[in-house]
Every structure is written in structure tokens, then in C-alpha cells.
Amino acid sequence: MNFEEKKLNSETVYKGKILTLNVDEVELPDKSRSFREYVRHSGGAAVLLVKDNSVLLVKQFRYAYGKELYEVPAGKLNYGENSETAAARELEEETGYRAKLVKMLDIYPSPGYTDEIIRIYFAESFEYTAQKLDEGEFLKCEFIALDKVLNMIETGEICDGKTVSAVYKYISSAYVKK
């Protein structure tokens, strides 16, 4: 059976600075009709940087959750920007590190309602330059031992999907020097 849904009509309900909300009428595989509400997003890029068996994380307040979260450095792609350029830019802005980046994986953070794709990179070699936070950006950078990061994931202290994905990919792959 083919599960593809065919778009019949589309309406942009909201267009903001970082996202667009669409409502589409679709034809389902059984030929019935339904509606799909979804967020269009330019995508994101993130970087896992590990130094001396410690992970570089940023801690910042996330308004939608109403609390501070630990995350790998990341940000959204600007219009027309490729993900590696965005990852390098965000890493240096947020943490002050410049790095040679290698693609680790792509994640679809919430495929039920958004087309966002986050590409996660691994920092193979790096040097510290200077942190260059955007205006209105407040965060703290911290190296946390990998074992502690794993414990923080297990206890729910780290819940961010891109961070969990990056760390588990790292420990299950050739990135770890065994």
C-alpha cells in the first residue's frame, strides 16, 4: 500500500521570522480528505565538541519550556545558508570555538508537525578564538564529563533531542577512540 498523501490546497496561516504555519487539505491513500497543519522551518545545525572526554554544552533559558536547558551549540539556518556554514557560525558565536566539522547525522525533531531538519556535526579539531553572542543571547558554556552527560540524559536533566541524539551517536560510533 502507498501511504503518500496528495496536497490539494494550501494556505499560509502565519509567516514569522523563524517559522511559517501552513494548513493543507490533502487526499489520503483511501481517497478521503483531511487537513494537515504544519510548521515550515529553514532547518538547523548543531555541533558536538568533545575535549578530554568532556562534552561542550551551552545552558540557556528556553521560553517555550519555561526553564534552562543544556544543549549542544546549535542554531537555525539563515535563508540560503548551508548547514555546515551555520554550524560553524553558531559554534563560534555561542562558544568561541572554531572547528573542522564532520557530518554525524540528520534528525527530524518532530515529523508530526514540522519539516525542520537538524544536521548535527562533530568537531574533529578545534581552537578557541572568542565568543561572539548575538544581541539578546544569554548562555553559559560548560565542558561536562561524558559520563556525567550520560547520567544527565538518563535522569532527564538533559532532554533536548539534538543533544541526546548527538551524544548517543558519538558513544556508539567510530568517533570515540576505543
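Based on this model, can you work out whether residue 169 counts as under 16 Å from residue 46 (Cα atoms), charged (D, E, K, R), within 18 Å of the chain's Cα centre (by Cα) and open to solvent by less than 40 Å² (accessible area, probe 1.4 Å)? Walk me through it before giving the result.
Values: under 16 Å from residue 46 (Cα atoms): yes; charged (D, E, K, R): yes; within 18 Å of the chain's Cα centre (by Cα): yes; open to solvent by less than 40 Å² (accessible area, probe 1.4 Å): no.
Criteria not met by residue 169.
In a strand (DSSP E or B) and open to solvent by 80 Å² or more (accessible area, probe 1.4 Å): is that true of residue 119 in this structure?
On the way: in a strand (DSSP E or B): yes; open to solvent by 80 Å² or more (accessible area, probe 1.4 Å): no.
In short, no.
If the requirement is being within 21 Å of residue 131 (Cα to Cα), at pLDDT 95 or above and outside any strand (DSSP E or B), which of these qualifies: 91, 56?
Values: 56 fails: outside any strand (DSSP E or B).
Checking each option against the conditions leaves just 91.
Any residue at all in region 100-111 that is open to solvent by less than 80 Å² (accessible area, probe 1.4 Å), of a type in the set (Ser, Thr, Tyr), within 29 Å of residue 140 (Cβ to Cβ) and outside any strand (DSSP E or B)?
In the first step, residues of region 100-111 are kept if they are open to solvent by less than 80 Å² (accessible area, probe 1.4 Å); the result is 101-102, 104-107, 109-110.
Of the ones still in play, those that are also of a type in the set (Ser, Thr, Tyr) are 110.
Of the ones still in play, those that are also within 29 Å of residue 140 (Cβ to Cβ) are 110.
Retained after the next criterion (residues that are outside any strand (DSSP E or B)): 110.
Taking every residue of region 100-111 in turn, at least one turns out to be open to solvent by less than 80 Å² (accessible area, probe 1.4 Å), of a type in the set (Ser, Thr, Tyr), within 29 Å of residue 140 (Cβ to Cβ) and outside any strand (DSSP E or B).
Give all pairs with beta carbons closer than 9 Å in which a residue from region 110-138 that is free of Cβ contacts under 8 Å to residues at least 40 places away in the same chain and at negative phi meets a residue that is in a strand (DSSP E or B) and open to solvent by 60 Å² or more (accessible area, probe 1.4 Å); count only pairs at least 6 apart in sequence or on separate chains.
What qualifies is 124/100; 125/100; 127/98; 128/98; 129/98.
Return the pairs, sorted by first residue and then second, in which the second residue is in a helix (DSSP H, G or I) and modelled with pLDDT of 95 or more, the first residue lies in region 140-157 and is among the charged types (D, E, K, R), the beta carbons are less than 7 Å apart, and the residues are 6+ apart or on different chains.
Nothing qualifies.
Pairs under 9 Å by beta carbon, first residue on the phi > 0 side of the Ramachandran plot in region 24-36, partner in a strand (DSSP E or B) and among the β-branched types (Val, Ile, Thr), six or more apart or different chains?
Filtered contacts from region 24-36: no entries.
Is it the case that residue 136 is open to solvent by 30 Å² or more (accessible area, probe 1.4 Å), at pLDDT 95 or above and small (Gly, Ala, Ser)?
Against the criterion (open to solvent by 30 Å² or more (accessible area, probe 1.4 Å), at pLDDT 95 or above and small (Gly, Ala, Ser)), residue 136 does not qualify.
Quick test for you: out of 62, 36, pick the one residue that is under 28 Å from residue 123 (Cα atoms) and charged (D, E, K, R).
Values: 36 fails: under 28 Å from residue 123 (Cα atoms).
Result of the check over 62, 36: 62.
Is it the case that some residue within region 6-14 is modelled with pLDDT of 95 or more and in a loop (DSSP other than H, G, I, E, B)? Lay out the reasoning, then the answer.
So the first thing to find is which residues in region 6-14 are modelled with pLDDT of 95 or more, and the list is 6-14.
Filter again for in a loop (DSSP other than H, G, I, E, B), leaving none.
For region 6-14, residues modelled with pLDDT of 95 or more and in a loop (DSSP other than H, G, I, E, B): absent.
Would it be correct to say that residue 3 is assigned to a strand (DSSP E or B), open to solvent by 100 Å² or more (accessible area, probe 1.4 Å) and farther than 13 Å from residue 123 by Cα? So that I can check it myself, show each step before the final result.
On the way: assigned to a strand (DSSP E or B): no; open to solvent by 100 Å² or more (accessible area, probe 1.4 Å): yes; farther than 13 Å from residue 123 by Cα: yes.
Considered against the rule, which asks whether it is assigned to a strand (DSSP E or B), open to solvent by 100 Å² or more (accessible area, probe 1.4 Å) and farther than 13 Å from residue 123 by Cα, residue 3 comes out as no.
Kindly list the number of the only condition in (1) in contact with a Ser or Thr (Cβ under 8 Å, 6 or more places away or on another chain); (2) among the charged types (D, E, K, R); (3) closer than 27 Å to residue 144 by Cα that fails for residue 52.
With respect to (1) in contact with a Ser or Thr (Cβ under 8 Å, 6 or more places away or on another chain); (2) among the charged types (D, E, K, R); (3) closer than 27 Å to residue 144 by Cα, residue 52 is out only on (1).
The values are calculated or read from the model by the stated rules, or taken from the named source; none is laboratory data. The model shown is predicted, which means the values in this text are computed figures rather than measured ones. Note: ideal-geometry Cβ built from the backbone for every residue, glycine included; neighbour counts use all protein chains shown. Heavy atoms of the whole protein, side chains included, go into the accessibility calculation; ligands, DNA and RNA do not. Shrake-Rupley method; radii C 1.70, N 1.55, O 1.52, S 1.80 Å.
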